Amino acid sequence: MAEQLRASRSTLHSVSEIERALTGIWTAVRQTSGTGEHHVAARSSVLNLVVVAGRRETAERCSATIAATAGRHPSRSLILSTMDVDGPSSLDARIEALSVTTSAGTAQTGAETIHVSARGETGRHLASIIVPLLVHDLPVALWWPHDPQFRSHRADRLLSIADRLIVDGSSWSGDGLDRLEAMARMAQGQRLVVADFALLRQARWREALASVYDLPDLRPHLRAVRSITVEYAAPQDGDPAGLTNIVRPVYHVAWLASRLGMGVVLPLERGADGRRTATLRQGDHSVSIELRPVRSELGEGSTVRVEIVSRLRGAELVGDVAASDRAVDVAIHDKGRERVRRTYLAPRLGDVDLLQRALEDSASDSVAVEVLAMAGHLIAAEPTPRGASASRSQRLAEP
C-alpha cells in the first residue's frame, strides 16, 4: 500500500526548483528514517514514468493509478498537464514522495511523483521539462492516456525520450484507425515497445479461445478459417452507421490473423451501414472479415461477440465467443448442434492491473508486436505479402 511520505510545501516554478526540492525531500526522509516512523533509506525507483495527461482530471486519475502500482513498479513519475495554451507562459509544480510497503511487509521502498502544470508556450515544449528531471540510468515509459498526435513534432520529441509507449487505443476520438495505423508504422520503424490497454484487455478473450481450439479434434479447423465476424457496440446515438472507435474489434481480427498465418488481400473498407469488411488469405483460400455494429448495453465500441467459421472436409464449425464482466463464454457449433461449450472465469482488468501489465516485459512480447503490425496492415491501403504473417504454426496458443 502506498502512502504519502513527504511533499513539497510550496509551489515550484522552474525545473531547477524541482530538482532542489527533490534533493531536499529525500534528505529529510533519510534524517527521519531511524525514528521508527519511516524506514525509507533512499529512492528505489526502477523506471521513469512520464504521463502526458493534458487535462487536470486525467492527471488526477493517472496519479491514483500510479500510486496503486508503486509497490510493484516504484518509479519517478512525471505527470504533465497543459492548459491555457494561448495564455502567458508559466510552470507550476509540486512533488510527492511515496512510502510503499513491500509484499514481505518488513521493508519499505520509496518513489516520487512530480505534478507539473504548464501554460502557454511552456506547454508546447514538454520534452525540455522532462529530460532534466529523469533518472538517467533508468528506462523511460511514456504514458499518453488520450489522443496522441503521432504525426507531430511534439510527439516526435516526446517519443525520442521513451523506451516504451503506453496508450489506450479504445479511448481515441473518431474510429481510432488513423492513430492505430500511425502507431503501427512508428513501432516498426523506431523499434519502440508499445503497450496498448485496448489489446491488454483482450487477453481473457484470447486465452479462452486458444484453450478451446487447442482440443485435438478442433485444432485442424484453424487451418481452414473462412470468415471472422466481430460484433461491437454501436454508437450511443443509436445510429449503427455512426462513427465510433473500433480499435478493439480490429485487434481481435489482427490477433487471429497474426496467429493463423493470414495475410491481407483487401484492407478494411467502411460501408454506408457502418460495417467494415476486408479480405484475408490463409494458405490457398480467402477469409472474409466483417466488423459489424450492433445495438448493445455495453459501452460504445466494446466487443459484443466474435464468430469464427471454418470449413474442413465438408464440416462447417462456428465458434462463438462472448464475455461478461467476470467471465468469457466459448461455444463451438457443428451444423447447429453444440459441440463444445466452456466458460472461463476471467474478470475485466481495471486501470491498475492494466498499467502493471503495460510496464512488464510481457506487454512487449512477440505476439503483441505481430498483432500491432497486422492491425496496421488491416488499415493500410497496401496488402501484406502472401505468407508474411505465417511465422508461427496454425495454433492460437500464445507463447
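The values are calculated or read from the model by the stated rules, or taken from the named source; none is laboratory data. Keep in mind that what you see is a predicted model, and the values were worked out from it rather than measured. Neighbour counts run over all protein chains shown; Cβ positions are idealised from the backbone, glycine included.
The residue that is surrounded by the most Cβ atoms within 10 Å (Cβ to Cβ), counting only those in the stretch 231-262 that are farther than 18 Å from Glu300 by Cα and out of contact with any helix residue (DSSP H, G or I) (no Cβ under 8 Å at 6 or more places or on another chain), is Leu256.
Listed by position, the strands (runs of 3 or more DSSP E) enclosed by the stretch 135-235 that each have at least 2 residues that are touching a His at 6+ places or on another chain (Cβ under 9 Å) are 225-233. The strands (runs of 3 or more DSSP E) falling completely within the stretch 1-91 that include 1 or more residues that are modelled with pLDDT of 90 or more and under 18 Å from Leu165 (Cα atoms) map to 47-54, 75-83.
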